[in-house]
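Notes follow the structure.
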Amino acid sequence: MAELKTLRSERWLGRDDFRTFNHRSRVMQMGYDKKDWEGKPVIAILNNWSDYNPCHMHFKHRVEEVKRGVLQAGGFPLEIQTVSLGENLIKPSALLYRNMLAMEVEEMIRAYPADGVVLMGGCDKTTPAMLLGATSANLPSIFLPAGPMLRGNWGGKTLGSGSDAFKYWDDKRAGIISNDEWDAIVGGIARSHGTCMTMGTASTMTAIAEALGMTLPGASSIPAVDASHQRMATNVGRRIVEMVAEDLRPSRIQTRDAFLNAITVAMAMGCSTNAIIHVIAQARRAGHDIGLNDFDRISREIPVIANVRPSGTSQYLMEDFYYAGGLPALMKRLGAYLRTDVLTVTGKSIGENIADARVFNDDVIRPLSNPVYAEGSLAVLRGNLAPDGCVIKPSAMSEKFLVHQGPAIVFDDYPSLKAMLEDEHADITADHVIVLRNAGPKGGPGMPEWGMIPISQRLLKQGVRDMLRISDARMSGTSYGACVLHVSPEAFVGGNLALVKTGDLIAVDVPNRRIEVRVSDEELARRRATWEPPKPRFGRGYGWMFSEHILQADEGCDMDFLQTSFGETAGEPDIF
Ligand code: FES
């Protein structure tokens with residue numbers, strides 16, 4: 001291990017003077033002695049645990065394994081509970097609070113005595129939030145992914161998070177399954193600790209954290225309840241102490257090449273559309289101008305080779321992906337598509353980390369010559385309906401909608417959409433294009449995952465299971481269907497989506513990356529002249545601050561004042 005330089009924590013604990021009397025006496029109040037901290041790096045363990053976050057239930061105990069590793073390596077661990085964003089219970093949208101958690105992580109790292117940081121997260125927005133904060137704070141940091149839960153089960157059938165909820169909800173509405181069967185599915189779909197085990201936002205974002213070099217190799221694929229996860233946690237504790245000695249900060253790891261690797265891996269995984277927003281925000285925090293064009297370009301090059309639902313053609317889930325070799329095996333298979341010389345938290349390059357990785361099941365992690373989907377999983381569309389871009393997931397939709405034109409049926413809010421969906425006599429056909437607006441960053445607020453608009457009751461009974469849907473909302477990474485998302489600028493701020501009327505023809509052409517409303521510029525200008533902005537969603541508090549400062553989806557939905565470009569940091573104020 002490299003020799004420790006002067007530790008940052010010595011400002012709190014190292015000096016024997018009156019100014020630090022209080023710090024030292026209060027650490028002793030917890031039962032520690034000078035021998036516990038003198039000359040040792042303080043490791044802040046930011047634990048995203050709470051009773052409101054079922055995906056992180058094991059973190060209450062897992063943190064002890066991290067502490068064990070820190071102590072073994074000669075560090076002094078102190079745990080901090082962070083705001084816990086439980087995706088499944090939080091309203092109106094966890095994205096609304098991603099930036100709040102990011103700010104908390106950044107400020108707590110800065111405010112407390114810490115020389116190195118362990119970030120414990122995994123449920124959807126917690127991964128990007130914690131990495132955003134750590135990127136800006138820029139102390140040596142390592143991410144500990146919560147790990148996916150085990151496969152769901154219902155009467156011997158495998159159930160996947162989110163995807164099967166949508167599928168069987170449609171079956172229930174169409175009268176194919178009973179209420180009792182539905183209840184059994186509710187109880188069987190999430191049967192262990194851990195994050196959603198489909199290739200949703202959680203699995204996508206933890207894979208991205210690993211591809212960026214911010215986790216130990218293979219960490220993102222280990223199921224939460226596997227004993228390997230406990231051993232990984234202890235290794236994380238040991239490694240962060242070494243990282244402090246090596247002064248291995250996020251700024252050395254999160255290079256532009258590292259972000260391009262992360263996007264490449266995300267595409268090969270058949271990633272959640274949410275990844276775009278989070279990666280753009282994080283890259284910009286790290287000082288790199290990554291945008292929608294980078295995603296579209298890499299998407300065209302990289303085939304989807306992870307046969308994991310919802311993109312896959314089979315029942316495979318993250319547990320199968322782990323047994324097949326996990327992320328190191330997938331990265332090995334990507335070969336020359338990756339920039340293998342980038343540094344990681346191990347102190348070694350990605351190439352060194354994956355040198356011995358092997359694929360154990362060619363149907364779960366496909367060879368490049370036999371992909372699940374030949375082109376990448378996401379496409380960025382532009383046109384008069386989305387001048388700043390929008391997103392669709394061709395790998396998880398019916399091919400017949402890749403090129404489609406149909407009349408719009410427009411909804412300004414979710415309740416009126418819901419009423420139509422449940423109306424047996426609604427005047428809608430499978431060729432219509434459903435438009436939901438005012439569901440973007442400001443309008444949602446926080447871009448709720450409403451983008452996978454359900455198929456109407458009437459069409460479901462006719463056997464329709466996909467149709468073209470357009471919104472400025474997001475959709476869950478476990479969702480599927482011909483859903484155009486993240487339309488930018490959003491309707492709430494006067495994007496052209498706000499000007500569409502029911503009956504207008506909308507045309508989508510995914511191969512040519514176009515999306516248009518067939519209305520002349522003159523007519524759009526006439527409609528704009530009479531458009532009135534909706535009332536603001538918030539008048540005070542965090543919501544007001546969010547609304548005032550949130551950037552659009554194509555810019556990563558970060559707060560404008562948190563971007564690196566907003567102002568040079570003046571360094572840490574020595575205020576005590
Ligand atoms: Fe936590 Fe899906 S709800 S990861």
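Looking across region 175-202 at every residue that is in contact with a Cys (Cβ under 9 Å, 6 or more places away or on another chain) and within 9 Å of the ligand (Cβ to nearest atom), the one that is farthest from Met57 (Cα to Cα) is identified as Thr201. Just wondering, is there one or more residues in region 420-431 that are within 25 Å of the chain's Cα centre (by Cα), part of a loop (DSSP other than H, G, I, E, B) and not small (Gly, Ala, Ser)? Within region 420-431, not a single residue is within 25 Å of the chain's Cα centre (by Cα), part of a loop (DSSP other than H, G, I, E, B) and not small (Gly, Ala, Ser).
Might you let me know whether region 337-346 holds any residue that is open to solvent by 10 Å² or more (accessible area, probe 1.4 Å) and either at pLDDT below 95 or assigned to a helix (DSSP H, G or I) (or both)? The answer is yes, given that some residue of region 337-346 is open to solvent by 10 Å² or more (accessible area, probe 1.4 Å) and either at pLDDT below 95 or assigned to a helix (DSSP H, G or I) (or both).
Among all positions in region 134-142, there is at least one residue which is in a loop (DSSP other than H, G, I, E, B), among the hydrophobic types (A, V, I, L, M, F, W, C), in contact (Cβ under 8 Å) with a residue 12 or more places away in the chain and surrounded by fewer than 24 Cβ atoms within 10 Å (Cβ to Cβ). Right, Met214: surrounded by 22 or more Cβ atoms within 10 Å (Cβ to Cβ), more than 16 Å from the ligand (Cβ to nearest atom), of a type outside the set (Phe, Trp, Tyr) and over 19 Å from the mean Cα position of the chain (by Cα) or not? In short, no. Filtering region 461-483 to residues that are open to solvent by 10 Å² or more (accessible area, probe 1.4 Å), part of a loop (DSSP other than H, G, I, E, B) and away from the ligand (no atom under 16 Å from the Cβ) leaves Gln462, Gly463, Val464, Arg465, Asp466. Out of everything in region 107-122 that is away from the ligand (no atom under 16 Å from the Cβ), of a type outside the set (A, V, I, L, M) and part of a loop (DSSP other than H, G, I, E, B), what residue ends up being least open to solvent (accessible area, probe 1.4 Å)? Ranking the candidates gives Asp115 first.
Yes/no matrix, rows are residues, columns are (1) among the charged types (D, E, K, R); (2) part of a loop (DSSP other than H, G, I, E, B); (3) in contact (Cβ under 8 Å) with a residue 24 or more places away in the chain:
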residue: Leu334; (1), (2), (3): no, no, yes
residue: Gly351; (1), (2), (3): no, no, no
residue: Asp363; (1), (2), (3): yes, yes, yes
residue: Glu375; (1), (2), (3): yes, yes, yes
residue: Gly406; (1), (2), (3): no, no, yes
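Could you tell me whether any residue of region 37-47 is more than 16 Å from the ligand (Cβ to nearest atom) and open to solvent by 100 Å² or more (accessible area, probe 1.4 Å)? Within region 37-47 (the criterion being more than 16 Å from the ligand (Cβ to nearest atom) and open to solvent by 100 Å² or more (accessible area, probe 1.4 Å)), the answer is yes, since at least one residue qualifies.
When Arg239 is tested against the conditions (1) open to solvent by less than 10 Å² (accessible area, probe 1.4 Å); (2) touching a Ser or Thr at 6+ places or on another chain (Cβ under 8 Å); (3) part of a helix (DSSP H, G or I), the lone failure is (1). Is there a residue in region 421-433 that is crowded, with 24+ Cβ neighbours inside 10 Å and either of a type outside the set (Lys, Arg) or without any contact (Cβ under 8 Å) to a residue 12 or more places away in the chain (or both)? Yes, the conditions are met somewhere in region 421-433.
Whether any residue in region 25-32 is within 16 Å of the ligand (Cβ to nearest atom), assigned to a loop (DSSP other than H, G, I, E, B) and of a type in the set (A, V, I, L, M) is what I want to check. No.
Go through region 498-533 and report how many residues are surrounded by fewer than 15 Cβ atoms within 10 Å (Cβ to Cβ), assigned to a loop (DSSP other than H, G, I, E, B) and either in contact (Cβ under 8 Å) with a residue 12 or more places away in the chain or not small (Gly, Ala, Ser) (or both). Qualifying residue count, region 498-533: 9. In region 62-79, the residues that are farther than 18 Å from Val225 by Cα reach residues that are basic (Lys, Arg) with C-beta atoms within less than 7 angstrom, at least six apart or across chains, in these pairs: Gly69/Arg238; Gln72/Arg238; Ala73/Arg238; Gly74/Lys40; Gly75/Lys40; Phe76/Lys40; Pro77/Lys67.
Among all residues of region 389-397, there is at least one that is within 30 Å of Pro371 (Cβ to Cβ) and of a type in the set (Ser, Thr, Tyr).
Being open to solvent by 10 Å² or more (accessible area, probe 1.4 Å), in contact (Cβ under 8 Å) with a residue 12 or more places away in the chain and under 15 Å from Ser163 (Cβ atoms): is that true of Arg309 here? Judged against the criteria, Arg309 is a match.
Lys172 - would you say it is away from the ligand (no atom under 11 Å from the Cβ), farther than 29 Å from Ile240 by Cα, in contact with a helix residue (DSSP H, G or I) (Cβ under 7 Å, 6 or more places away or on another chain) and open to solvent by 40 Å² or more (accessible area, probe 1.4 Å)? Taking the combined requirement at face value, the residue satisfies it.
The values are calculated or read from the model by the stated rules, or taken from the named source; none is laboratory data. None of the values given here were measured: they were computed from a predicted structure. All Cβ positions, glycine included, derive from the backbone under ideal geometry; neighbour counts span all protein chains shown. Only protein heavy atoms, including side chains, enter the accessible area calculation; ligands, DNA and RNA are left aside. Shrake-Rupley method; radii C 1.70, N 1.55, O 1.52, S 1.80 Å.
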